[in-house]
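S.K.: Pasting a structure here, questions to come.
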Amino acid sequence: PFERFCSGLSAARTHREISLMKIVDTVRQDLRLRTADHHARVDELISRHDLTRPEGLAAFLAINHLAYTTIERHLRPHGGFALPHLPLEEIEADLASLGAGIPTWQAEPSMEAAHPVGIIYVIAGSRLGGTVLHKRWQQADDSNVRLAGRFLSQMTDRSCWTDFLVQVSNAQISQSEFIDIVESAKGCFSIFEAACQDVTRKFAYDPPQPRN
C-alpha cells in the first residue's frame, strides 16, 4: 500500500510537471509565433551593425540604451514575475570606452500596450541570442572594442529567461490578458525597431570617435 501510495504521488507529480511544461510551451510558442515578424525585423536591423568595429558596436549599444530608457518607464512588478535587470550603467560605460556619448531620442515613440509580462518576455528572451552576439564581439581586434564588453558579457546570462519560464508556469493567465501580453511584446519590439532607425539616422552623420 505504501509503495502504491508513493507511486501515486510520483505519478501525480509527473502529471503536474507535464501539465506545467505544456502550459509553458504553449505560452512561449504562442508568444513566439505572434511576435515573429516584429522580432525578425529587429534582428535584421541589429545584424547590420558590425560588433567588431567601434562604430558598429557603438550603434548597437546606443540602440539598446535608447530602448531601455523608454521601456524602463513601463516596466513594473506584476504578480510573481521578477523584473529583469536593464544594464544602462554598463552600456554607458561601454559607450565611454568607445568615445561615444549617451544617446538621446530624436523622435521617441510611445508605447501604448505595456503589460509587464510582454515586456519581460522580450527582455529576458533577448538573452537567448546574447551568447551569439558575445562571440561575434570576441572576434574583434580593435583595442577600444575589446574594452567595451560589459553589456555583451551580461547578455550571456540566461538566468532571467529561466526565471521567466518558471514564473509563467505558476501564473494564472486568462485569454484576454494573454492578448494584452502579446500586444505588449509587439510594442516592446517596436521600441527596439524605432531605436534602430533612430540610431542609424544619427550615426550616418555623427559617427563615434574612438579613443586613441
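The values are calculated or read from the model by the stated rules, or taken from the named source; none is laboratory data. Note that the structure is predicted; figures quoted are calculated from it, not measured. Here the Cβ is made from the backbone with ideal geometry for all residues, glycine too, and neighbour counts use every protein chain on show. Just the protein is used for accessible areas: all its heavy atoms, side chains included, with ligands, DNA and RNA removed. Shrake-Rupley method; radii C 1.70, N 1.55, O 1.52, S 1.80 Å.
S.K.: With respect to the numbered conditions (1) assigned to a helix (DSSP H, G or I); (2) surrounded by fewer than 12 Cβ atoms within 10 Å (Cβ to Cβ); (3) modelled with pLDDT under 95, which one is the sole condition not fulfilled by VAL27?
M.R.: So VAL27 meets the others, but not (2).
S.K.: Can you spot a residue in the range 35-43 that is over 20 Å from PHE151 (Cα atoms), charged (D, E, K, R) and outside any loop (DSSP other than H, G, I, E, B)?
M.R.: We begin by selecting, within the range 35-43, every residue over 20 Å from PHE151 (Cα atoms); these are 35-41.
Still in the list and also charged (D, E, K, R): 37, 41.
Still in the running and outside any loop (DSSP other than H, G, I, E, B): 37, 41.
Among the residues of the range 35-43, at least one is over 20 Å from PHE151 (Cα atoms), charged (D, E, K, R) and outside any loop (DSSP other than H, G, I, E, B), which makes the answer yes.
S.K.: Looking only at residues that are open to solvent by 60 Å² or more (accessible area, probe 1.4 Å) and in contact (Cβ under 8 Å) with a residue 40 or more places away in the chain in the range 49-77, which one is farthest from CYS196 (Cα to Cα)?
M.R.: ARG76
S.K.: Do we have VAL166 as open to solvent by less than 20 Å² (accessible area, probe 1.4 Å) and of a type outside the set (S, T, N, Q) here?
M.R.: Numbers: open to solvent by less than 20 Å² (accessible area, probe 1.4 Å): no; of a type outside the set (S, T, N, Q): yes.
It is false that VAL166 is open to solvent by less than 20 Å² (accessible area, probe 1.4 Å) and of a type outside the set (S, T, N, Q).
S.K.: Of all residues in the range 95-107, which are more than 21 Å from GLY187 (Cα to Cα) and either modelled with pLDDT under 90 or surrounded by fewer than 17 Cβ atoms within 10 Å (Cβ to Cβ) (or both)?
M.R.: Passing the criteria: ALA96, GLY99, GLY101, ILE102.
S.K.: To continue, here is another question. In this structure, does ARG16 turn out to be closer than 18 Å to PHE192 by Cβ and modelled with pLDDT under 95?
M.R.: Working: closer than 18 Å to PHE192 by Cβ: no; modelled with pLDDT under 95: yes.
Criteria not met by ARG16.
S.K.: Mind telling me which of the residues SER174, SER110, SER143 ends up being open to solvent by less than 70 Å² (accessible area, probe 1.4 Å), more than 18 Å from LEU83 (Cα to Cα) and free of Cβ contacts under 8 Å to residues at least 12 places away in the same chain? Step through it out loud before you land on a result.
M.R.: Values: SER110 fails: open to solvent by less than 70 Å² (accessible area, probe 1.4 Å); SER143 fails: open to solvent by less than 70 Å² (accessible area, probe 1.4 Å).
Result of the check over SER174, SER110, SER143: SER174.
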